[in-house]
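Here's the structure we're looking at; comments come further down.
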Amino acid sequence: MNQKPLHILLVEDDDDHAELIKRAFETENYPPTIHHALTLAEAHRLQQTTQPDLLIVDFLLPDGHGTELLPEHLDERTVPVIIMTSHGDEQVAVEAIKAGALDYIVKTPMSLLEMPAFVERAMREWGLILEWRQEKENAAWFSRILDKTHNEIFVYDAQTYKFILVNQVGQDNLGYSMAELRQMTCLDICPDHTAEAFAALLEPLHSGKEESIQYTAVHQRRDGSTYPVEVYLQLSQFQAAPVYVAIVLDISERLKREEQMRQQDRLAAVGQLASGIAHDFNNIMAVIILYTQIVERSSNLSEKDQKRLQTVVEQASRAADLIEQILDFSRSAVLERHIIELAPFLKELIKMMQRTLPENIRITFQNDTTTCKVNADATRIQQMIFNLMLNARDAMPDGGDLQVTLRTETFQPGDALPVTEMAYGRWAYIIISDSGSGIAEEIQPRIFEPFFTTKQRERGTGLGLAQVYGIIKQHDGAIRVDSRPEDGTTFHIYLPLQTPAETFTNISTDTTELVMGNQETILLVEDDEATHNALVHSLEMLDYRHILAHNGKEALQLYEQNQQQIDLIISDMVMPEMGGLDLVRALRQKQVDTPIILLTGHPLTNELPDDNLQIKLVQKPVTLPQLANLIDQALQV
């Protein structure tokens, strides 16, 4: 008998039989506590109050059959039950065993006195049942854990490498059923592993040098497709046999994110270089354009020389356009943002492109939104869409389908983000998809790099997609591409849905007519000598007087000396000692309300002037008519 005293509920209406059973337990070293019930009703009550460890029940009771104390289902048994029967009731007892009783006794004086032995056997069997239940519950719990995990888990034989167990995630990802996998080895899903190489990989586990190993591999699905994995492997035991237990992580998304981050870093480095080049070129082009237009307006030029100068201006303007594309790529262009409802905006762009693209290219637009507003520079967004559509045209020389789709997407914490650098929140989602030649996988990481192109030299500069990338990034958006050779290309563009926000006004109005001044005085602040001289000569031609400064610090001193004379300040953005932005802030702190124009050939950072500074910011290079019009507008304020 167990050393821990038992609590037994005895259900017997015959007092003599009950007394024999009680007497049998008196000789035990650890006699149980016996609660005696004469009827089923009393047994139900005592079972609730005494919580017995075992029931000894007579089959025939005054108010029913003892088997009524047994639960309807075997799995619902909470205590072991021994049934007692009289002679001739053996068949009833057998049925009771089937119903869940652990044992039965045919009542005789001798069998009742041997009740302790029957109880010990029943309790031993009940202990085995409880262990089996626990193992079954543990197995079910473990199986649920295995199937809920996002990782694949494999158990395979250490000698034959045959699969013993693969969780549901592994089955689903590989595309095989468990029955099929049991006929396979782990080498069948690892095309890069030979038996010899795999054995060498496992040697540290066999020799005991390592308790577990980690390695990367490629797994092959039933359909032939492959995916990269990271495997954590250890040697274990299953049913007394050595097995390998592998936890397998599908690292496709992780590798994709790492490549995206490398690409972002690479593009950021190229963008920084490009922005520095753009700064120098902007100053150079500003000098060329201004001097050329000054000379162009001289009265003693021949018609041939005028045409030559017009060609110079045209080519300089083309160079300026290239610089603007570089600035877009380096996220440094001056933006004029407004709230744009994208659906009608895209419809109008598509109408324009339908007149431009060949007739054998079918353009369709699908709008899945009720409203989709972004805070954006309409000109830049238009340029971005045009560039992508023209790329699609070049990919479909024999015609094809061009699909533009507009949606909105919301990403919450815990959601997988489509592009690494995106944030959670609400996004406008533009999809531009073509049925063209596609892009080879090996060059996809480079398609947004400036001057990278697979087209012939005369068909492109390699700045189109670089400009698209820069425009999207400057709007705090994201872009990714899906493409396969001969299977078309899809660009996925995400722009944040956000509230209105005012920024600078980008003055770009051009005209052939010059708006002349009237001897107003302009404080000109510019450190680059060539640009400085070109602006001085331009102001003189436009009939303005000027006071010259080479940096913001000098400009502050000159302003204090000539405050009453100065009608307008024109300043470069980046200069030694004090830049244009610090100059503006210093003047505004002194309550100076003189109009100010900032000219910048240098890329802008995210640190933009406050709205209350009341300035006009203009990207270099400016033409002579633009400069004249700009000054006139500023003086009218």
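A short reminder: the numbers here are calculations on the coordinates, not readings from a lab. A quick note: this is a predicted structure, and the numbers were derived from the prediction, not measured. Cβ: placed from backbone, ideal geometry, glycine included. Neighbour counts: every protein chain shown.
Classified by the C-alpha gyration tensor, the stretch 149-250 has a prolate form. Its axis ratio a/c, with a ≥ b ≥ c, is 1.5 or above, and a/b is larger than b/c. Gap in Å between the Cα centre of the stretch 12-28 and the Cα centre of the stretch 167-208? Using only Cα atoms, the two centres lie 63 Å from each other.
For the cross-link pairs Lys304/Lys620; Lys162/Lys256; Lys256/Lys473; Lys590/Lys616, the ones whose C-alpha atoms lie over 24 Å apart are Lys304/Lys620; Lys162/Lys256. Using the beta-carbon distance between Lys590 and Ile339 and R0 = 35 Å, what value does 1/(1 + (r/R0)^6) give for FRET efficiency, to the nearest 0.05? For Lys590 and Ile339, the calculated efficiency is 0.50. Taking amide H as placed 1.01 Å from N in the peptide plane, Met575 has its amide H under 5 Å from the amide H of Gly580, each at least 5 places away in sequence or on another chain. Ranked by the mean number of other Cβ atoms within 10 Å of their residues, highest first, the peptides 114-127, 197-210 come out as 114-127, 197-210. Phi angles of the stretch 412-420 translate, via the Karplus equation with coefficients 6.51, -1.76, 1.60 and θ = phi - 60°, into HN-Hα couplings of 10, x, x, 6, 6, 8, x, 10, 3 Hz per residue; Gly and Pro are given as x. Computed from backbone phi, the HN-Hα couplings of the stretch 108-113 come to 9, x, 5, 5, 5, 6 Hz, rounded to whole numbers (Karplus: 6.51 cos²θ - 1.76 cosθ + 1.60, θ = phi - 60°; Gly and Pro given as x). Secondary structure note: in the stretch 7-140, about 10% of the DSSP beta bridges are antiparallel.
At a Förster radius of 51 Å, what calculated FRET efficiency corresponds to the Cβ-Cβ distance of Thr194 and Glu421, to the nearest 0.05? That gives a FRET efficiency of 0.80. Close amide H pairs (under 5 Å, H built 1.01 Å from N) link Leu54 with His7, Leu9, residues at least 5 positions away or on another chain. As a rough footprinting exposure proxy, the listed residues Tyr30, Tyr469, Tyr559 were ranked by other beta carbons within 10 Å of their own, and the order from fewest upward is Tyr30, Tyr559, Tyr469.
Taking a label point 7 Å from the Cα of Arg262 along the Cα→Cβ vector, which residues of the stretch 475-495 have an amide N closer than 18 Å to it? Within reach of a label on Arg262, which here means backbone N under 18 Å from a point 7 Å along Cα→Cβ, the stretch 475-495 contributes 481. In this simple spin-label model, placing a label point 7 Å from the Cα along the Cα-to-Cβ direction at both Asn360 and Arg254 gives a separation of 4.8 nm.
Computed from backbone phi, the HN-Hα couplings of the stretch 594-600 come to 4, x, 10, 10, 9, 9, 10 Hz, rounded to whole numbers (Karplus: 6.51 cos²θ - 1.76 cosθ + 1.60, θ = phi - 60°; Gly and Pro given as x).
Going from the fewest other Cβ atoms within 10 Å to the most, the residues Tyr156, Tyr291 appear in the order Tyr291, Tyr156.
Under 5 Å between amide hydrogens, built in the peptide plane, is the criterion, and for Ile361 it picks out Gly400 among residues at least 5 positions away or on other chains.
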